[in-house]
Amino acid sequence: MQVNGEQVKLEAPVSVADYLETHGFRAERVAIELNGEIIPREKRGEAMLDDQCVMEIVQFVQGG
């Protein structure tokens, strides 16, 4: 799987929501693009990741 341009090895298929939680992302502060499609926050528990996926995680930060 590719996350933000880097290869990542998944041990087993996992939901986007579980991946974010496991890797310390705050769900309310990120936007997710999975295989070229934006995944709404309410669908992250249903969207499954596998070794063929390409995911971009964009974090929102405060400040300027």
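The values are calculated or read from the model by the stated rules, or taken from the named source; none is laboratory data. Computed from a predicted structure; not experimentally measured. Methodologically, a virtual Cβ is constructed for each residue, glycine included, from the backbone with ideal geometry; neighbour enumeration extends over all protein chains shown. Remember, those area values only see protein heavy atoms, side chains included, never the ligands or the DNA or RNA. Shrake-Rupley method; radii C 1.70, N 1.55, O 1.52, S 1.80 Å.
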Place a +1 charge on the Cβ of each Lys and Arg in the chain and a -1 charge on the Cβ of each Asp and Glu, then give the dipole magnitude about the Cα centre in debye, rounded to the nearest 20.
240 debye
Hey, what did the chain get for relative contact order, percent, Cα under 8 Å, at least 6 apart?
46 percent
Accessible area in square angstrom per residue, region 2-59, 1.4 angstrom probe:
68 Å²
